[in-house]
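The values are calculated or read from the model by the stated rules, or taken from the named source; none is laboratory data. Small disclaimer: the values here were computed from a predicted structure and weren't measured. Backbone-built Cβ (ideal geometry, glycine too); neighbour counts: all protein chains shown. For the accessible areas, the whole protein counts, side chains as well, though only heavy atoms, and no ligand, DNA or RNA atoms are used. Shrake-Rupley method; radii C 1.70, N 1.55, O 1.52, S 1.80 Å.
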Amino acid sequence: MNRVDLNTPIEYLKGVGPKRGEALRKELQITNLKELLDYFPFRYVDRTQFATIRSLHDGLDSVQLRGKIRSMSEAGKGRGKRLKALFEDDSGTIDLVWFKGVSWIKSSIQIGQEYVAFGKLSRFKGRFTMAHPELEPFQNQTNHNKLQPVYHSTEKLTNSGLNSKGIEKIISASIQGVKGNFPEIFPGDLLQNVRLMNKEAAYFHIHCATDDNLSKQAIFRLKFEELFFLQLLLIRHKMISSTKMKGHLFFKVGDQFNTFFSEHLPFELTGAQKRVLKEIRRDMGSGAHMNRLLQGDVGSGKTLVALLTMLLGLDNGFQAGIMAPTEILATQHFETIQNFVKDMPIKVGLLTGSTKKKDRTVIHEALKDGSMHILIGTHALLEDVVEFQNLGVVVIDEQHRFGVAQRARLWKKNTVPPHVLVMTATPIPRTLAMTFYGDLDVSVIDELPPGRKPIRTSHKFDKSRLEVFGFMDQQIQKGHQVYVVYPLIEESETLDYKDLTDGYESIVRRFPNYQVSIVHGQMKSEDKDFEMKRFAEGKTQIMVATTVIEVGVNVPNASVMVIESAEKFGLAQLHQLRGRVGRGADQSYCILMSGYKLSQDGRKRLETMVETNDGFQIAEVDLKLRGPGDILGTQQSGILDLKVADLARDGQILQLARNTAMDILKQDPNLRKPQHEGIKRELLELSRNRPNWSRIG
Ligand code: ADP
Ligand code: MG
């Protein structure tokens, strides 16, 4: 067969033509042969096996049968016309049925000839039936000796004859012609060490799979390649920024840090906090720019690490800042930090959207003349009017709510960009961290402060509410406080609001002797703050709220978290909410309330919460259930657009790809060696074809 150019426009391929070509361009952005071959199947149907009719049972999806057609009959008239064929093998009979193309099908079927029938099973009046099967004479062994690839199609494509089967046809018609078009890009020793199938074979076997093992090798090769280049880009990016980007040198540990440490630190740091601080000090003392991600479960003590990091900045003559995603959280950080340093000569400011204009001006001035040392705030901190005399370090709390672009804006706050410490309480699964924060160094606080008892979590159905009320009562009588949280889904805000107020009223009725606070998104921020404050001071016993309390709120005396309609929450959110209790020395409880009707995923989420307190484990389950796009939020979803790899499932391949990329760049940072020629060429091509990848990190 003639060699076909991979750049051949899609219309010119066998079996395509202008109309389908147009559909492929519009629906799948496939414009040429190369892009068509990069459109991989997402699963296979095993057509190497035949089932016997007797062994059929409910619960099978598609099956392949081998047998003869004994008789045919037509029924109905006009549009209701259908064709029924009695299909038999040695073990029994089933009905094949067609509702379309009846006369044509009838004339092409030969009674008594051996056929392969393949399709979905259903039951009709107790008998197994296969509607619109794929039917082919048996001796013509085209489709029943292989793994049949299944491709995603769309309605428009299907209408122009390109359902999965149609896509399979045009791919298999051109794939033989591309021999010699996929030169290997990896050096031989890499192929051997990682045991990779060569590139051309991989393209062939992923589309034309005859054998499970070969198709698996093909998929592995292509996933590895995709992840390898993603990592290569990220690691190179990081190498370039760490050599080029100078950072402020924090060479000394001075008065502020030492005084705080020896005189004001209310407790001993945990081992993990100490380790992380060492890592941070090493970065900031190196003269390079720090870009570090600090992961630590809720309650692991990140705030203190943030404070000590900022004090190092102050000791070296710089200002410091914390940026938090919500006003409540910023305020809480402000209060915590203010309280920690109240006896030291350190001036701390709070800047949020609701800071009054007059106070704002005062803060702006104090930042400019250097008399304010630490500024805590929301994204108000990013505004251009906020100018520092000498900003040296910024802590960003709850990174996943801030975009990459916002991080970049911070860099402009000083001629040499400030060191950045990104803190997140939502543990990010390793695979995602490696990808999305591939340019950050990662520190982990994997230890909770001593004396914490693991929170006990249970799942209760709505009918047990009285029992749950009883339990709340017991806990309050012991002097504790209770949260009751309601979901807030924006589309049905009014409905949720009603749930919340109904809940509030029934709680007030049930607990006439207790004070009950309520906080929700529609309240004015002063009112919210007032209620939160009353609860934090122990003046109210029960806090009924929506998820506004999700992030960061710290009331150690609260021991019970009741989550209403818990099935409506995502895992990360449930874990965050649960983290609001278990902050003191006493046993804490989390009660997940739900109705009986639960989706499969909803049930899995609740089970996971009951099973474990480990944020990383929860994050892994979350990734599997939701996929990476959702977890990172709208800003980052879709940037990656991976063709074959799946971050939720291919963690091991990702790790392997990352290590391999790292090794290569260590030996040959600019990919100048002849054996890396292929990799270099592919990298250039990628930066043209996937411009989005460079936006990561
Ligand atoms: P998070 O990591 O969720 O931000 P916080 O910084 O709010 O956690 O800390 C949770 C609680 O633990 C706070 O009350 C804090 O004062 C306390 N804490 C932090 N570090 C320690 C420690 N080493 N020993 C005891 N308590 C600590
Ligand atoms: Mg926190």
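A few comments on the model shown:
- At 1.002 mPa s and 20 °C, Stokes diffusion of segment 155-227 via Kirkwood alpha-carbon radius, µm² per second: 158 µm²/s
- In a DSSP loop and with at most 10 other Cβ atoms within 10 Å, there are no GluC sites (Glu not before Pro) in segment 648-691.
- Sparse-neighbourhood loop sites, chymotrypsin sites (Phe, Trp or Tyr not before Pro) in segment 1-79 - DSSP loop, at most 13 other Cβ within 10 angstrom: 42
- Heavy-atom accessible area order for 208, 590, largest first, 1.4 Å probe: 208, 590
- In Å², nearest 10: area of residue 314 left accessible to a 1.4 Å probe: 20 Å²
- 23 Å Cα-Cα threshold exceeded, pairs from 274/412; 14/165; 68/169; 412/524; 77/106: 274/412; 68/169; 412/524
- Of all DSSP beta bridges confined to the chain, the antiparallel ones make up roughly 40%.
- Between the beta carbons of residue 587 and residue 122, assuming R0 = 56 Å, the FRET efficiency works out to 0.55 to the nearest 0.05.
- Extension gain from residue 456 to residue 169, taking 0.36 nm per residue of separation minus the Cα-Cα distance: 97.7 nm
- Counting only protein heavy atoms and using a 1.4 Å probe, the accessible area of residue 302 comes to about 20 Å².
- Pairs exceeding a 29 Å alpha-carbon distance, out of 120/156; 252/413; 302/463; 125/604: 302/463; 125/604.
- CD proxy at 222 nm, helix term only [per DSSP H run n ≥ 4: -39500 (n - 2.57); per residue of the chain; nearest 500]: -12000 deg cm²/dmol
- Averaged over its residues, the chain has an accessible area of 48 Å² per residue, based on protein heavy atoms and a 1.4 Å probe.
- Volume per residue for segment 1-120 equals 194 cubic angstrom (convex hull of Cα atoms).
- For segment 1-76, the set of trypsin sites (Lys or Arg not before Pro) satisfying both a DSSP loop assignment and a count of at most 15 other C-beta atoms within 10 Å is given as 3, 14.
- Computed over protein heavy atoms with a 1.4 Å probe, the carbon and sulfur contribution to the accessible area of the chain reaches 50%.
- Partner lysines whose Cα lies under 18 Å from the Cα of residue 539, excluding those fewer than 8 positions away in the same chain, are identified as 478, 528.
- Order by protection proxy (mean Cβ within 10 Å, highest first), peptides 557-569, 465-477, 213-225: 557-569, 213-225, 465-477
- Computed with every protein chain present, the accessible area of residue 239 is close to 70 Å² [probe 1.4 Å].
- Modelled FRET efficiency - R0 51 Å, residue 525 with residue 200, Cβ distances, 0.05 increments: 0.25
- Distance distribution P(r), the chain, all Cα-Cα pairs, bin width 20 angstrom from 0: 15, 37, 32, 15, 2 percent.
- The slack between residue 357 and residue 191, meaning 0.36 nm per residue of separation minus the straight C-alpha distance, is 53.4 nm.
- Accessible surface, 1.4 Å probe, highest first, among residues 623, 249: 249, 623
- Spin-label pair residue 338/residue 100, simplified geometry with 7 Å Cα→Cβ offset, distance in nm: 6.9 nm
- DSSP bridge pairs, segment 49-144: antiparallel proportion in percent, nearest 5: 90 percent
- Ranked by solvent-accessible area (1.4 Å probe, protein heavy atoms only, all chains present), the residues 81, 478, 643 order from largest to smallest as 478, 643, 81.
- The Cα-based radius of gyration and maximum Cα-Cα distance (Dmax) for segment 456-612 are 14.5, 41 Å.
- Translational diffusion of segment 49-203, µm² s⁻¹ [Kirkwood Rh, Cα pairs; Stokes-Einstein; 4 °C; 1.567 mPa s]: 70 µm²/s
- Extended-chain gain in nm, criterion 0.36 nm per residue less alpha-carbon gap, residue 113 and residue 38: 23.1 nm
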